[in-house]
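Beneath this line is the structure, given in structure tokens, with notes to follow.
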Amino acid sequence: MRLGIAHHLGWAVAVTASPDYEVVDRRRIELIEPGVAAAPIHHEGKPLDDAATAALVEQVRESSRRAASASLDRLVAALPASIVSMSVRGWPADFPDDIATQRRVPYEARADSVMYRQVLADLARARGWDVHFYDAKDVEVRAAAKLGKRADEIMLGPRATLGPPWGHDQRMALAAAIMAD
């Protein structure tokens, strides 16, 4: 089984596909615990200095590790076979770790999102899954090219067979899982 993730701040769509690209499971998973700031770099409230922001980021990262891990555990328990890979949206290899830098343009617009992707990738590796990265801008087009004549059946068919929700996030997550093959 291959797992594709289309993440947002604090939650994600997870689509699990069989080796022949059949959707075996699709669900929303939580990436943070209730009551935790979903965007620590862009938090709302009184302005924080770098040290306080770093502490908030670490608090959110720890919450994300716990919540995402529990979400993945529930997913694994519901599947008929083992997951071999997880696909998440990639991020630049040179993305800074330093909070002061992350708070500045152009990084501040992506720092919270990158944190969630890093947590998910770390959790996948800890489970022994291969981690694949995709570009959200072209993953669906690339998957359709790979599938050829079967593209519409595989990418759009789940809406008819599974019903809603089957939208952009679900298609992107499935495409990401397909491209990991």
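May I ask you to give the average projected area over all directions of the convex hull of the Cα atoms of the range 59-141, in nm² rounded to one decimal?
Values: hull surface 26.6 nm².
Convex hull of Cα atoms, orientation-averaged projection: 6.6 nm².
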Calculated SAXS-style log₁₀ I(q)/I(0) at q = 0.30 Å⁻¹ - the range 1-63, Debye, Cα scatterers: -1.19
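May I ask what percent, to the nearest 5, of DSSP beta bridges between residues of the chain are antiparallel? Working shown, then result.
Values: 13 of 21 bridges.
Percent antiparallel among DSSP bridges in the chain is about 60.
Quick one: pull the percentage of alpha-carbon pairs in the range 2-179 with a separation above 19 Å.
Counting pairs separated by more than 19 Å, the tail of P(r) holds 57 percent.
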Taking N as its residue count, the alpha carbon Rg of the range 127-181 over 2.2 N^0.38 Å: 1.15
Principal axis dimensions, the range 18-104 - Cα atoms, whole angstrom, descending: 49, 31, 16
Calculated diffusion of the range 107-155, Stokes-Einstein form, Kirkwood radius summed over Cα pairs, 4 °C and 1.567 mPa s, µm²/s: 99
Inter-site label distance for Phe95 and Arg66 at 7 Å from Cα along Cβ, in nm: 2.4
Value of relative contact order over the chain, rounded to a whole percent, pairs C-alpha under 8 Å and six or more apart: 31
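Values in this text are rule-based calculations from the coordinates and carry no lab data. Keep in mind that this is a model prediction, so the values were computed, not measured. FYI the Cβ positions are ideal-geometry reconstructions off the backbone, even for glycines, and counts take in every protein chain you see.
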